[in-house]
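Worksheet for the structure shown next.
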């Protein structure tokens, strides 16, 4: 069961946060239509759940190798050269995500030191913003994990076939 949860974490998380967002927006519409007023907490919670969905959704896309890549310039090169460029690009990508995670963590740390409370839910905004470093760390993990699994299975060249199919 833990392996199934690990393998499908992003899907489960995104479904959960999307359900919260859609539920909050449905409540908001229902209240506006029936009463003519609004509930501030539903707007805030739907905004926060949207933010969390976007960051974990980006991880989901990376896990499925669905991010946009410009690869046409490599199509005439030998497979090993294309694989080397793919590895280089992913190393740069992982480095950038780790840098963003580190920088966002320092901002969140400052937010903990000088707290800002959300207006309607009355929670520390830094808790909501923790999705930024968490999402980027998980993104880096999924990229590295994909390389490790493919290396162990001996299926690295499948990365190139996937690129050629989408090019």
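Summary of values
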{"quantity": "Number of the condition not met by residue 120 [criteria: (1) more than 21 Å from the chain's Cα centre (by Cα); (2) touching a residue at least 40 places away in the same chain (Cβ under 8 Å); (3) within 18 Å of residue 62 (Cβ to Cβ)]", "calculated": "(3)"}
{"quantity": "Residue that is surrounded by the most Cβ atoms within 10 Å (Cβ to Cβ), among those in the range 24-36 that are under 26 Å from the mean Cα position of the chain (by Cα) and under 16 Å from residue 120 (Cβ atoms)", "calculated": "24"}
{"quantity": "Residue check, residue 82 part of a helix (DSSP H, G or I), over 24 Å from the mean Cα position of the chain (by Cα), touching a residue at least 60 places away in the same chain (Cβ under 8 Å) and surrounded by 17 or more Cβ atoms within 10 Å (Cβ to Cβ)", "calculated": "yes"}
{"quantity": "Residue in the range 88-96 that is touching a helix residue (DSSP H, G or I) at 6+ places or on another chain (Cβ under 6 Å), closer than 24 Å to residue 60 by Cβ, surrounded by 13 or more Cβ atoms within 10 Å (Cβ to Cβ) and in contact (Cβ under 8 Å) with a residue 12 or more places away in the chain present", "calculated": "yes"}
{"quantity": "In the range 3-21, the residues that are buried (at least 16 other Cβ atoms within 10 Å of the Cβ) and over 15 Å from residue 134 (Cβ atoms)", "calculated": "20, 21"}
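Yes/no per residue for (1) surrounded by 18 or more Cβ atoms within 10 Å (Cβ to Cβ); (2) touching a residue at least 12 places away in the same chain (Cβ under 8 Å):
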| residue | (1), (2) |
| --- | --- |
| 55 | yes, yes |
| 64 | no, no |
| 86 | yes, yes |
| 107 | no, yes |
| 112 | no, yes |
| 133 | yes, yes |
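Listed here are the residues, each with its yes/no results for (1) in contact with a helix residue (DSSP H, G or I) (Cβ under 6 Å, 6 or more places away or on another chain); (2) farther than 24 Å from residue 74 by Cα; (3) at pLDDT below 95; (4) outside any helix (DSSP H, G or I).
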site	(1), (2), (3), (4)
133	yes, yes, no, no
137	yes, yes, no, no
141	no, yes, no, no
162	no, no, yes, no
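The values are calculated or read from the model by the stated rules, or taken from the named source; none is laboratory data. In this text the structure is predicted, and so the values were computed from the model without any measurement. Note that each Cβ is placed from the backbone with ideal geometry, even for glycine, and that neighbours are counted across all protein chains shown.
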